[in-house]
Amino acid sequence: MTKLVWRTVQRPVAAEDVQAARRRLQRLGLQLLTLREAGHGIETRRALYELVRLGVLDEPDGEHGFVPFERFDAELFEPFYWQWADAQYLAVDGNVWVGLVNLQLRRPERAEMGITVVRRAYRRRGIARALKVLALRLAQERGITSVVTWNHVENTPILRLNASLGFRTR
């Protein structure tokens, strides 16, 4: 079983941080999209599946595999992604989806930040930080006072990133 560390944040995200996140993605030549902007079609669902699959398999306990596309499409796409399509931020390089942050607006005051993934070839460029900043700002604009996330205790890069964004262990 995966050991998880729960974290929560209530630190405000400044407009300057949002502008810097957008500039970072632009400088890298990446397009910023929400899942809604990408659309609901089969190509979108397949691209999302592939990115989520890569993220899950890249976790420290990812050797357990990931569900087939058909199951993802039937059971996970709508309730975990499309339901909050405006809160799913994507970084796109041409036709390649390179990064995702999954924000789930669960209650009026609380959100969950699900998977954050960046393809290996694009890592260490600030993409995950930029996407998370944008998602946290959206949560703030929607009146969310608590954002909760969980991470594998051996995923040091995401633990460091989350701590730098104000997440703290509960």
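The values are calculated or read from the model by the stated rules, or taken from the named source; none is laboratory data. None of these values were measured; they are calculated from a predicted model. As a convention, Cβ positions derive from the backbone with ideal geometry for all residues, glycine included, and neighbour counts pool all protein chains shown.
Would you check which residues across segment 135-170 are assigned to a strand (DSSP E or B) and of a type in the set (Lys, Arg) and list them?
Within segment 135-170, the subset assigned to a strand (DSSP E or B) is 146-152, 168-169.
Hit for segment 135-170 is Arg168, nothing else.
Quick check on Leu76: is it closer than 24 Å to Val147 by Cβ and either touching a residue at least 40 places away in the same chain (Cβ under 8 Å) or in a strand (DSSP E or B) (or both)?
Numbers: closer than 24 Å to Val147 by Cβ: yes; either touching a residue at least 40 places away in the same chain (Cβ under 8 Å) or in a strand (DSSP E or B) (or both): no.
Answer is no for this residue.
Of all residues in segment 132-156, how many are basic (Lys, Arg) and touching a residue at least 40 places away in the same chain (Cβ under 8 Å)? Give the derivation first.
Applying the first criterion (basic (Lys, Arg)) to segment 132-156 yields 132, 137, 142.
With the extra rule that they be touching a residue at least 40 places away in the same chain (Cβ under 8 Å), the set shrinks to 137.
Summing the residues that are basic (Lys, Arg) and touching a residue at least 40 places away in the same chain (Cβ under 8 Å) in segment 132-156 gives 1.
Anything in segment 140-153 that is crowded, with 17+ Cβ neighbours inside 10 Å, of a type outside the set (Ser, Thr, Tyr) and either under 14 Å from Thr169 (Cβ atoms) or within 13 Å of the chain's Cα centre (by Cα) (or both)? List them, or say none. Talk me through it step by step, then tell me what you get.
From segment 140-153, those crowded, with 17+ Cβ neighbours inside 10 Å are 140, 144, 147, 149, 151; that's our starting set.
With of a type outside the set (Ser, Thr, Tyr) added as a condition, the list becomes 140, 144, 147, 151.
Across segment 140-153, the qualifying residues are Val147, Asn151.
With respect to Ala121, determine if the residue is in contact with a Leu (Cβ under 8 Å, 6 or more places away or on another chain) and either assigned to a strand (DSSP E or B) or at pLDDT 95 or above (or both). Spell out the reasoning first.
Working: in contact with a Leu (Cβ under 8 Å, 6 or more places away or on another chain): no; either assigned to a strand (DSSP E or B) or at pLDDT 95 or above (or both): yes.
So Ala121 does not fit the description; no.
Working only within segment 28-59, note down all residues that are assigned to a helix (DSSP H, G or I), closer than 15 Å to Thr116 by Cβ and more than 14 Å from the chain's Cα centre (by Cα). Can you show your working first?
First pass over segment 28-59, keeping only residues assigned to a helix (DSSP H, G or I): 35-38, 42-57.
Remaining after also requiring closer than 15 Å to Thr116 by Cβ: 35, 48, 51-57.
Leu57, the sole residue that qualifies.
I'm checking my understanding of the structure. Among residues of segment 79-116 that are among the acidic types (Asp, Glu) and without any contact (Cβ under 8 Å) to a residue 60 or more places away in the chain, which one is farthest from Ala21 (Cα to Cα)? Steps first, please.
Of segment 79-116, the ones among the acidic types (Asp, Glu) are 86, 93, 109, 112.
Within this subset, residues satisfying the condition of being without any contact (Cβ under 8 Å) to a residue 60 or more places away in the chain are 86, 109, 112.
Details: Asp86: 17, Glu109: 24, Glu112: 20 Å.
Filtering segment 79-116 for residues that are among the acidic types (Asp, Glu) and without any contact (Cβ under 8 Å) to a residue 60 or more places away in the chain, the one farthest from Ala21 (Cα to Cα) comes out as Glu109.
Can Arg168 be described as closer than 18 Å to Arg11 by Cβ, surrounded by fewer than 17 Cβ atoms within 10 Å (Cβ to Cβ) and touching a Leu at 6+ places or on another chain (Cβ under 8 Å)?
On the way: closer than 18 Å to Arg11 by Cβ: yes; surrounded by fewer than 17 Cβ atoms within 10 Å (Cβ to Cβ): yes; touching a Leu at 6+ places or on another chain (Cβ under 8 Å): no.
For Arg168, the condition - closer than 18 Å to Arg11 by Cβ, surrounded by fewer than 17 Cβ atoms within 10 Å (Cβ to Cβ) and touching a Leu at 6+ places or on another chain (Cβ under 8 Å) - is not met.
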